[in-house]
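The values are calculated or read from the model by the stated rules, or taken from the named source; none is laboratory data. Everything numeric in this text was worked out from a predicted model, so none of it was measured. Quick reminder, even Gly has a Cβ in these numbers, built from the backbone with ideal geometry, and neighbours come from all protein chains shown. Surface accessibility is based on the protein's heavy atoms, side chains included, excluding ligands, DNA and RNA. Shrake-Rupley method; radii C 1.70, N 1.55, O 1.52, S 1.80 Å.
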Amino acid sequence: MLNRFHHLLLLALVAIAGWAAVLVGVASLRESLALRAYEQAMSEVEVVAPAGSPRQDQESVLTALTMYSIRVPQHVDGPAFDSELADRGLTTGGLI
């Protein structure tokens, strides 16, 4: 009796492990397909970087979002251009 219970327990563990492997495989496949679809969509978008130093306005912010494929969540207001920002980092197109 104990031997049969032991075998049933092992069979149940093997079945659970098998289903876990299937679920992980399906999740991985979905992620791979989503990435492929995103890359296909991005390959069809033509983005041309502005020549010279970028303008200092909201349009430059929107251009950067597009160029770097940054997705802003719908519930977020921004990013917004701040003309009072003292340090723009490397966005001026020159070195430090």
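Brief remarks on what is shown
- Taken together, the residues in the stretch 53-96 that are farther than 24 Å from residue 43 by Cα and either at pLDDT below 85 or part of a loop (DSSP other than H, G, I, E, B) (or both) amount to 26.
- Residue list for the stretch 28-52, filter: surrounded by fewer than 10 Cβ atoms within 10 Å (Cβ to Cβ) and modelled with pLDDT of 90 or more: none
- Filter pass, residue 40 being assigned to a helix (DSSP H, G or I) and of a type in the set (S, T, N, Q): yes
- Contacts under 9 angstrom Cβ, first residue in the stretch 1-27 being open to solvent by less than 100 Å² (accessible area, probe 1.4 Å), partner β-branched (Val, Ile, Thr), 6 or more apart: none
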